[in-house]
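As structure tokens, the structure follows; a few thoughts come after it.
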Amino acid sequence: MMKIAVLTGAGVSAESGIKTFRDSDGLWEGHDVMEVASPEGFQRNPASVLDFYNQRRRQLLTVQPNAAHLALATLDQTHDVTIITQNVDDLHERAGSKNVIHLHGELLKVRSTYDENLVMDWKTDLNLGDLCKNKHQLRPHIVWFGEMVPMIEVAAAVVEKADAILIIGTSMQVYPAAGLMQYAKPEAHIYFVDPNPSISENNRITIFPEKASTGVPKVVELLK
Ligand code: APR
């Protein structure tokens with residue numbers, strides 16, 4: 001069965017109503033990354049960081065997967081698909097995708113500040129005083145800037161084995177996620193869906209310079 005690796009970024013969830021980070025009116029326009037998405041920021045002002053993620057978690061529970069998530073999920077029926085997402089939403093899973101690797105964590109999970117392997121589901125607000133079973137403060141299960149990306153080796157191994165690679169809705173600016181393409185087999189074709197593509201087309205790369213909700217179904221049809 002043909003193996004497909006799909007690398008997604010915030011752009012795949014944009015049409016579900018979730019802001020991207022670097023587009024105009026993006027999330028990082030309204031917030032200082034180092035204040036709300038770094039261990040130092042959490043140390044300095046934990047309540048403010050918890051509130052930032054509470055707002056994003058509340059919004060996530062009000063949105064739905066879009067046509068791009070749904071089209072990708074149908075590929076599971078005919079191909080061996082692994083979604084490698086930089087997104088912390090659960091829209092790929094809700095659309096029905098079976099194999100999803102979250103490089104940057106998950107908004108609907110929290111973890112102990114003391115033991116990063118102590119992770120649990122969490123769908124409500126997380127506040128100061130919400131403690132793990134060992135009585136340590138809980139924090140969002142998000143990979144903050146400056147923290148290790150534990151799943152990157154697993155993701156690289158998926159890309160190495162892929163016969164085709166889809167890159168959807170990412171500015172390819174944040175490493176190590178942006179460096180995953182270096183692991184692709186020379187013969188693996190790359191399909192890039194983004195209205196403002198950050199790479200150029202060549203004999204290995206086909207670009208769909210359009211939104212995910214129209215571009216992804218086209219790529220999925222091509223692969224079926
Ligand atoms: N469909 C497809 N792509 C879109 C759409 C859309 N409707 N709208 C915007 N895009 C594209 C933009 O053109 C851009 O290339 O999505 C990309 C979004 O880029 P970023 O905002 O930088 O998001 P992303 O690449 O996912 O950021 C990576 O940076 O801040 C960190 O941890 C955060 O996971 C995030 C990482």
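Each reported figure results from applying straightforward, stated rules to the coordinates on display, with no laboratory input. Keep in mind it's a predicted model, so treat the numbers as computed, not measured. Neighbour counts are summed over all protein chains in view; Cβ atoms, including those assigned to glycine, are modelled from backbone coordinates with ideal geometry.
Values for this structure:
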read-out	value
Distance in nm between pseudo-label sites at LEU118 and ARG58 (7 Å out along the Cβ direction from Cα)	2.8 nm
Computed over region 1-130: relative contact order in percent, which uses C-alpha pairs under 8 Å that are six or more apart	27 percent
Qualifying GluC sites (Glu not before Pro) for region 52-161 [loop in DSSP, other Cβ within 10 Å: at most 16]	GLU116, GLU147
Region 45-115: relative contact order in percent, alpha carbon pairs under 8 Å with at least 6 residues between	30 percent
Whole-percent pair-distance distribution, where bins are 5 Å wide, for the alpha carbons of region 118-171	4, 13, 16, 17, 15, 13, 10, 8, 4, 0
For region 1-150, size of Cβ-based charge dipole, Lys and Arg +1, Asp and Glu -1, in debye	340 debye
For region 109-184, size of Cβ-based charge dipole, Lys and Arg +1, Asp and Glu -1, in debye	240 debye
Hypothetical label at ARG204: residues of region 173-191 whose amide nitrogen lies under 13 Å (7 Å Cα-Cβ projection)	180-191
Rounded to 10°, Cα long-axis angle of helix 212-223 versus longest principal axis of the chain	50 degrees
Qualifying lysines (Cα of each under 19 Å from Cα of LYS185; at least 8 residues distant if same chain)	LYS3, LYS161
Cα extents of the chain along the three principal axes, largest first (Å)	53, 33, 28
Helical contribution to [θ] at 222 nm, DSSP H n ≥ 4, -39,500 (n - 2.57), averaged over the chain, rounded to 500	-8000 deg cm²/dmol
Normalised per residue, the volume of the convex hull around the Cα set of region 1-133 (Å³)	117 Å³
Cleavage-rule hits, chymotrypsin sites (Phe, Trp or Tyr not before Pro), region 96-160, DSSP coil, Cβ neighbours within 10 Å at most 15	TYR114, PHE145
The chain, relative contact order in percent, only Cα pairs under 8 angstrom and at least six apart counted	24 percent
Extension gain from LYS161 to THR214, taking 0.36 nm per residue of separation minus the Cα-Cα distance	16.4 nm
